[in-house]
Amino acid sequence: MTSPRDPLPLSGRQPRAVRSALAVLEEVVAAGPGVTAKEISAALRLPQATTYRLLNLLVGEEYLVRLPDLKGFALGRRAARLALPVTVAPPTAARAVVDHLRGLVRWGVHLAWLGAGQVTLVDPDPDHPPSDAALLARYPQASALGRLLLAEQPDWRALVRDLRVFTEYTVSTPAALTAALDRVAADGLARQCGELRADRGCIAVGVRAPGDGRLVAGLALSGPAQRVAEPNPELVALLREHADRLAPLLA
Amino acid sequence: MRDRPVVPRLRQRSPVHGLRRRGLGPLEVLAQSVSGAAPSAAMAATPAIVAVSAGGATVWSFVAATVLALLIAGCIARFTRRMAAPGGLYTLTAKGLSPGAAFACGVALLVGYGMLAAAALVGGATYLQALVLRLGGTGSVVLPVVAVVVVGLAAGGLALRGVRLSARVVLLAELVSITLMLAIFVLLLAAPLPGPDAAQPGLGLGGVAAGVLPALAAFIGFEVATSLGAEARRPFRSVPRAVTATAVVSGLLCVFAAQTQVVGFAAAPGGLAGQNAPVAVLATARGWPWVAPLLDLGLTMSFFACVLATVNGIARVLFSLGRDGVALRGFGRTHPRFATPHVAIGVVAPVLVVVLAVALLAGAPLGGTLTFLLTVGTGGFLVAYLLVCLAAPVFLRRIGELTWPAVAATAVIAPILVAVLVAFVARSGGTPVVVVLAALAVAGACWFGWLRLRRPDRIAGIGVYDETVADDVLGADVVGAGVPGGGDGPGTGGPGTDGPGTGGSRGPDARPDRAA
């Protein structure tokens, strides 16, 4: 989590350092994984000591990683956050499955990609519009879909910017979120009641690739908060059934 | 495309898998190092020891030792900014020097942490007993033995339960003890005794040099955060910072404590050097009898935090030796739930406790045992520091990132450390310390010889660390990790190919040893 601690304006040679750091990142992408510090320094005509410092800084922040020989560099997982996730519209067959579920329940039914490390709504319910897509993408900890995504991470802090409080029910402490995510991982079902909007709640299950079980998408039902809080076994069963049907279509 | 670099294959899981990867915050990492150095114990005890050698140059000896510790921290940081290794200095040395040197560093580190843990146990027991005596209790050999057994096993249990819990306990204990120490020292400095003006201490270079060795002993253990590399959240940032910050904090506290005590005893015959419990004497002279029990309490806590930190450290060195296959493979196992090297901890803690308890029951004096253990441990640490400082520039050269400051730092520090080591041996000449160290060195050499003969392949591959795994790399399937079921399309390395699903390493294949 990054907090804006130091509001000082950029001064002196800092703008150049920022430019150089971005150039280093770009060079690692351009040259491909395994490029060494010397090669980067030569390609960018940066002094070697400066290059090493920038590389160590970027490795420390985990935008870059050192490959096992300790010489070569590659983009780290965190660098994914620098790019917009590539989203593809779901195939017609998948939309038909989602529509089928909409016909069976009186709740909002939403489908979102989770594969790119971000919640991206691809088939929101037109009759029950979900919360703002940007909000869902930005605060994954407050939505059921986002929690599916976070429960999958080795460390959820990698994807959570700040634990913003939206309503009096919003999970706002790291310990509470960790507990909530442990429950999601255990049940395979994520739930939030009135945490984003006090009157609305959501339950969601993951759509997993049939081969390796990786999480590709999430299917969510949204409705009145107090209804979501109930166990709803038949709804959950229906949700799981449709998620299973989506798996071969989306992965 | 012509000069496309050759990419080494990525593993699906870290060679040090089984430890809880990337979980500890920066504060918890720092606490580990600070407790390892146990600055509050050093504040109370070392100035008087340094004064015996340094005389009027006591404070400057601490300043010199701080500079030395910072240079060592700099050498360690050249590694820890680039790699994370539970084996600490042992693994770092392996990445620069030959396997033989790395092995020597491993043995030295085992001796260092082992002796420091034992010394801290004895130290804690000593001050606990002093506290009980001051509060009107009766002294006997039973109390220290019980304290050693209880604290030793409790430290083992906490270390076993998880590094996060033990880091928090350590942080709390160390905060309390440092606060107590600072409060006491500020009070002492603020209320100087009326007396003849303190003669300005002469700044003799010889005095400074003679005082550096005992002053450096106040820092040993400050590098123990390196052993948490694999478990820290942003290890390349938090570990080097923790080690450097500990050197700075310990240095400042010790210089401050030395100054307070030197000023306090300026008028006394023999000065600070003749004192056994200088802080308590200073407080009593001001009519503050309540300071002594507080001091004992602070020291007890600091020593016990140090036990916990060093047990964590030594267990991870043993764990790495086990994973390298040069110690028993069993040491490389981790607990399925707590994700700690439980076999190593389960061996180290009871051995420490039993050996110490037997020694104390056999009539070993507390004070003498403490000094002896600390001296032997200092020998181990000096060897380990020297080796890691020598390894730093070689390592940088090997990965093609050598800069002249790295060479200069080693060129300055290596001769000094050699001189300090020679002074250490000369000073301990004829005492059991040298005999014990020689015996340990011979044992290490025999161990190495046997490995060389029987397991040359393992010796050659020594130095496992927390490598980057497929999961850490964006678009790892493109890098050629051979992700199973790679149905991700052509893979441009873009984020689209990088589902969190590659986190399959969290699945059952991740840790087969967990089934055990």
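The values are calculated or read from the model by the stated rules, or taken from the named source; none is laboratory data. Just so you know, these numbers come straight off a predicted model, no measurement behind them. Methodologically, a virtual Cβ is constructed for each residue, glycine included, from the backbone with ideal geometry; neighbour enumeration extends over all protein chains shown. Heavy atoms of the whole protein, side chains included, go into the accessibility calculation; ligands, DNA and RNA do not. Shrake-Rupley method; radii C 1.70, N 1.55, O 1.52, S 1.80 Å.
For segment B:211-242, the set of residues classified as in a helix (DSSP H, G or I) and more than 14 Å from chain A (Cβ to nearest Cβ) consists of B:211, B:212, B:213, B:214, B:215, B:216, B:224, B:225, B:226, B:227, B:228, listed by residue number. For segment A:18-43, a residue qualifies if it is more than 14 Å from chain B (Cβ to nearest Cβ) and either of a type in the set (D, E, K, R) or open to solvent by 50 Å² or more (accessible area, probe 1.4 Å) (or both), and the qualifying residues are A:18, A:19, A:22. Restricting attention to segment B:376-407 and to residues that are small (Gly, Ala, Ser) and in contact with a Leu (Cβ under 6 Å, 6 or more places away or on another chain), the residue that is surrounded by the most Cβ atoms within 10 Å (Cβ to Cβ) turns out to be B:384. For segment A:107-121, the set of residues classified as in contact (Cβ under 8 Å) with a residue 60 or more places away in the chain and not in a loop (DSSP other than H, G, I, E, B) consists of A:108, A:109, A:110, A:111, A:112, A:113, listed by residue number.
In segment B:302-332, which residues are among the β-branched types (Val, Ile, Thr) and within 27 Å of residue B:123 (Cβ to Cβ)? Across segment B:302-332, the qualifying residues are B:307, B:310, B:311, B:314, B:317. When segment A:62-92 is filtered for residues that are open to solvent by less than 50 Å² (accessible area, probe 1.4 Å) and either more than 7 Å from chain B (Cβ to nearest Cβ) or aromatic (Phe, Trp, Tyr) (or both), the ones remaining, listed by number, are A:64, A:73, A:78, A:90. Total residues in segment A:124-173 satisfying the condition of being among the basic types (Lys, Arg) and within 14 Å of another protein chain (Cβ to nearest Cβ): the figure is 2.
Exactly one residue among B:410, B:371 is within 14 Å of residue B:77 (Cα to Cα) and β-branched (Val, Ile, Thr), and that residue is B:410. Within segment B:318-335, not a single residue is open to solvent by less than 20 Å² (accessible area, probe 1.4 Å), in contact with a Leu (Cβ under 8 Å, 6 or more places away or on another chain) and under 27 Å from residue B:70 (Cβ atoms).
Among the residues making up segment A:154-195, a single one is open to solvent by less than 20 Å² (accessible area, probe 1.4 Å) and in contact (Cβ under 8 Å) with a residue 60 or more places away in the chain: A:160. Kindly indicate whether residue B:147 is surrounded by 22 or more Cβ atoms within 10 Å (Cβ to Cβ) and without any contact (Cβ under 8 Å) to a residue 60 or more places away in the chain. When the stated conditions are applied, residue B:147 passes them.
Residue check: is residue B:407 among the hydrophobic types (A, V, I, L, M, F, W, C), closer than 14 Å to residue B:118 by Cα and part of a helix (DSSP H, G or I)? For residue B:407, the condition - among the hydrophobic types (A, V, I, L, M, F, W, C), closer than 14 Å to residue B:118 by Cα and part of a helix (DSSP H, G or I) - is not met. Here is the figure for segment B:426-446: residues that are open to solvent by less than 80 Å² (accessible area, probe 1.4 Å) and part of a helix (DSSP H, G or I) total 13. In segment A:202-224, of all residues being small (Gly, Ala, Ser) and under 20 Å from the mean Cα position of the chain (by Cα), the one that is modelled with the lowest pLDDT corresponds to A:213. Within segment B:27-37, none of the residues are assigned to a loop (DSSP other than H, G, I, E, B), away from chain A (no Cβ under 11 Å) and in contact (Cβ under 8 Å) with a residue 40 or more places away in the chain. All of (1) within 14 Å of chain A (Cβ to nearest Cβ); (2) under 30 Å from residue B:303 (Cα atoms); (3) of a type in the set (D, E, K, R) hold for residue B:427 with one exception: (1). Do we find a residue being at the interface with chain B (Cβ under 8 Å from one of its Cβ atoms), closer than 25 Å to residue B:406 by Cα, surrounded by fewer than 20 Cβ atoms within 10 Å (Cβ to Cβ) and among the polar types (S, T, N, Q) anywhere in segment A:47-60? Within segment A:47-60 (the criterion being at the interface with chain B (Cβ under 8 Å from one of its Cβ atoms), closer than 25 Å to residue B:406 by Cα, surrounded by fewer than 20 Cβ atoms within 10 Å (Cβ to Cβ) and among the polar types (S, T, N, Q)), the answer is yes, since at least one residue qualifies. For segment B:20-41, the tally of residues that are basic (Lys, Arg) and under 10 Å from residue B:163 (Cα atoms) stands at 1.
Just checking, does segment A:116-123 include any residue being open to solvent by 50 Å² or more (accessible area, probe 1.4 Å), of a type outside the set (Asp, Glu) and within 13 Å of chain B (Cβ to nearest Cβ)? Yes, because at least one residue in segment A:116-123 is open to solvent by 50 Å² or more (accessible area, probe 1.4 Å), of a type outside the set (Asp, Glu) and within 13 Å of chain B (Cβ to nearest Cβ).
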